[in-house]
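Engineer: Please see the structure below; I have some questions.
The values are calculated or read from the model by the stated rules, or taken from the named source; none is laboratory data. The shown structure was predicted, so the numbers you read here are calculated from the model rather than taken from an experiment. Virtual Cβ from ideal backbone geometry, glycine too; neighbours counted across all protein chains shown.
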Amino acid sequence: MTNIRVVLHAADGSTREQFVPAGSNLVVLAGLRRFPGLRYSCGMGRCGRCASRVLQGMEGLPPPNWKEERLLGADKLAEGYRLLCQLYLNSDVEVVQDPVPVQPAWKRQGTERRDLRGVRVE
Ligand code: FES
């Protein structure tokens with residue numbers, strides 16, 4: 001199995017470099033204490049706490065999925081942000097987390113988000 005190199009500059013100021021198996025998800029590995037500085041919460045693309053800016057390796061990542069598009073918005077995607085919980089890595093990557101979590105696009109833009117029933121969602 002191929003190993004890939006991951007460099008994480010975490011929100012707490014720590015930097016961790018590790019080799020992980022191809023196909024790894026960093027939030028899953030954080031749950032296994034492999035990346036203790038990584039900030040995350042839901043693991044499902046809903047909270048944005050795992051949002052990170054890709055410094056190197058964007059070309060090896062899949063296109064953003066609908067959860068990333070909805071939560072990050074076009075502006076943060078264009079700045080190189082991705083949701084680590086939505087990525088299964090197959091090539092080397094270096095990412096940094098901002099000290100303050102990225103706000104969801106609907107909060108930054110002052111728009112409301114509604115579920116399929118039309119009920120406002122926070
Ligand atoms: S951990 Fe919540 S969006 Fe990734």
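Engineer: Being of a type in the set (A, V, I, L, M) and surrounded by fewer than 19 Cβ atoms within 10 Å (Cβ to Cβ) is the filter; apply it to the range 21-34 and report the residue that is nearest to the ligand (Cβ to nearest atom).
Structural biologist: Step by step, filter the range 21-34, then rank; the result is V28.
Engineer: Determine whether the range 35-53 contains at least one residue that is surrounded by 13 or more Cβ atoms within 10 Å (Cβ to Cβ), not in a loop (DSSP other than H, G, I, E, B) and not basic (K, R).
Structural biologist: Taking every residue of the range 35-53 in turn, at least one turns out to be surrounded by 13 or more Cβ atoms within 10 Å (Cβ to Cβ), not in a loop (DSSP other than H, G, I, E, B) and not basic (K, R).
Engineer: Which residues, counting only those in the range 25-45, are aliphatic (A, V, I, L, M) and either farther than 12 Å from S14 by Cβ or over 12 Å from the mean Cα position of the chain (by Cα) (or both)? Give the steps one after another, and end with the answer.
Structural biologist: First, pick out the residues of the range 25-45 that are aliphatic (A, V, I, L, M): 26-30, 32, 38, 44.
Hits for the range 25-45 are L26, V27, V28, L29, A30, L32, M44.
Yes/no matrix, rows are residues, columns are (1) of a type in the set (A, V, I, L, M); (2) out of contact with any Ser or Thr (no Cβ under 8 Å at 6 or more places or on another chain); (3) modelled with pLDDT of 95 or more:
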| position | (1), (2), (3) |
| --- | --- |
| L55 | yes, yes, yes |
| M58 | yes, yes, yes |
| P64 | no, yes, yes |
| Q103 | no, yes, no |
| R120 | no, yes, no |
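Engineer: Is the range 69-85 home to any residue that is near the ligand (Cβ under 10 Å from one of its atoms), in a loop (DSSP other than H, G, I, E, B) and surrounded by 19 or more Cβ atoms within 10 Å (Cβ to Cβ)?
Structural biologist: Applying the first criterion (near the ligand (Cβ under 10 Å from one of its atoms)) to the range 69-85 yields 71-72, 82-85.
Cutting the leftovers down to in a loop (DSSP other than H, G, I, E, B) gives us none.
Within the range 69-85 (the criterion being near the ligand (Cβ under 10 Å from one of its atoms), in a loop (DSSP other than H, G, I, E, B) and surrounded by 19 or more Cβ atoms within 10 Å (Cβ to Cβ)), the answer is no, since none of the residues qualifies.
Engineer: Checking the structure you have, find out if any residue of the range 92-99 is surrounded by 14 or more Cβ atoms within 10 Å (Cβ to Cβ), at pLDDT 95 or above, away from the ligand (no atom under 14 Å from the Cβ) and part of a loop (DSSP other than H, G, I, E, B).
Structural biologist: So in the range 92-99, the residues surrounded by 14 or more Cβ atoms within 10 Å (Cβ to Cβ) come out as 92-97.
So of that shortlist, the ones also at pLDDT 95 or above come out as 92-97.
Filter once more, keeping what is away from the ligand (no atom under 14 Å from the Cβ): 92-94, 96.
In the following step, the residues that additionally are part of a loop (DSSP other than H, G, I, E, B) were identified as 92.
For the range 92-99, residues surrounded by 14 or more Cβ atoms within 10 Å (Cβ to Cβ), at pLDDT 95 or above, away from the ligand (no atom under 14 Å from the Cβ) and part of a loop (DSSP other than H, G, I, E, B): present.
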